1. Quick one: Asp44, Asp190, Asp177, fewest Cβ neighbours within 10 Å first, how do they rank?
2. Under the rule of at least 5 residues apart or a separate chain, name every residue whose amide H is placed under 5 Å from the amide H of Asn329.
3. Which log10 I(q)/I(0) values, to two decimals, does the stretch 201-321 give at q = 0.10, 0.18, 0.22 Å⁻¹ under the Debye formula with one point per Cα?
4. Can you list the HN-Hα couplings for the stretch 187-196, worked out from phi with the Karplus curve (6.51, -1.76, 1.60; θ = phi - 60°), rounded to whole Hz and with x for Gly and Pro?
5. Could you tell me the relative contact order of the stretch 8-122? Use alpha-carbon pairs under 8 Å, at least six residues apart, and round to a whole percent.
6. What pairs from Lys168/Lys336; Lys159/Lys275; Lys166/Lys336; Lys186/Lys292; Lys168/Lys275 go past 26 Å between their alpha carbons?
7. Can you list residues whose amide H is under 5 Å from Ile136's amide H, if they're 5+ apart or on another chain and H is modeled 1.01 Å from N?
8. Given Cα pairs under 8 Å that are at least 6 residues apart, what percent is the relative contact order of the chain?
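What follows draws every value from the coordinates through simple rules; no lab data is involved. Since the model is a prediction, treat every value here as computed from it, not as a measurement. Positions of Cβ are generated from backbone atoms using ideal geometry, with glycine treated the same way; all protein chains shown enter the neighbour counts.
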Amino acid sequence: MHELKSKIRAVQVRSVRVPMAHPHQTAGGTVSESPLVLTDITTDDGVVGHSVVFTYTPAALKPTAELIRNLEPLILGEPLAPAELEQRLARRFRLLGTQGLVGIALSAIDMALWDALARSHGVPLVNLLGGVAKPIPAYGAVGYDGVKGSAEVAQQWAKQGFTGIKAKIGYATVEEDVAVIRAMRKAAGDSVAIMVDYNQCLSPVEAVQRLRVLDDEGLTWVEEPTLAHDYAGHARVAREAATPIQCGENWWGTLDMQHAIDAEACDYMMPDVMKIGGVTGWLRAAALAQTKGIRLSNHLWPEISAQLLCLTPTAHWLEYADWWNPIMNEPLEIRKGLTNLEGATGTGVAWNESAVERFLT
Ligand SMILES: [Mg+2]
């Protein structure tokens, strides 16, 4: 058998807290910084693969970094073979389970390994996996910013050429939700696709009631109207609503996605590359979506997701976010509302070291 030459020599893990240029309001509270764990995997021929994972709360930052460090002995000296290592590590953690922080740590390793493999061939991930770079339409995010604030931010995205905008809603009344949607449409123009995100804040009954009103607003989708893992609740909302329901950012692995598909929980899906299991997990998710013709978008991770969407037969929208741009060497470029992968290497993730140093914790 052909022996893979490149072996894993070292794993370096760092934690940073990256402040957001504009604190992001959600129905569940304000996000003002990104706690991130940066993983660098070096091979014995000197290639370094990078990955970033997001712990949402600083309380999970150190434990996640520690967990990733503790995986080092399991992969040191092993060949640079991410799909094989993903299976081995999944077997190792079967008894504990691969959700939560363990899942995040495994994805950090998976994404860094794929990055290293693509870099060792001097190509972007999309080419390594047999695909080609394609422009994907991107949408910009509007926080829970009220009528005036949402309209202002929507207008800024539209001016930059974005053809889709997604706003956090879940105000006290559906009338306020509608006022925000209409103000954004007026500010951004009729040709711009408008999506809204409830961030799980409604009960299924409330969601059905609100959707009866929102169904007249021509929305591209309504995201996570109720608890992410209440597949039956989402299915009830999806059955009653004419507007497509979007879910997926909180699914841990493709098994959660399969449960959502079985329950007919939603019309569109948007896995999070970290929670779905890294590059390896995403490829499985893309295959699952393809069997049912379900349109797939991403959640955060714009650089790596822009490439993975090119490999996804049912690719839909790229969720754009610039939150981590300060530490990125070459943040994803959006040109006239479309992803532009020109010049990308590996997964597109590499560090602006001086910024990383500033935000180290
Ligand atoms: Mg969301």
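1. So the residues, fewest neighbours to most, are Asp190, Asp44, Asp177.
2. Long-range HN contacts for Asn329: Ala350, Trp351, Asn352.
3. Log10 of I(q)/I(0), two decimals: -0.27, -0.86, -1.20.
4. 6, 9, x, 5, 7, 7, 6, 10, 10, 9
5. For the stretch 8-122, the relative contact order is 30 percent.
6. With Cα atoms farther than 26 Å apart: Lys159/Lys275; Lys186/Lys292.
7. Thr339
8. It comes to 18 percent, rounded to a whole number.
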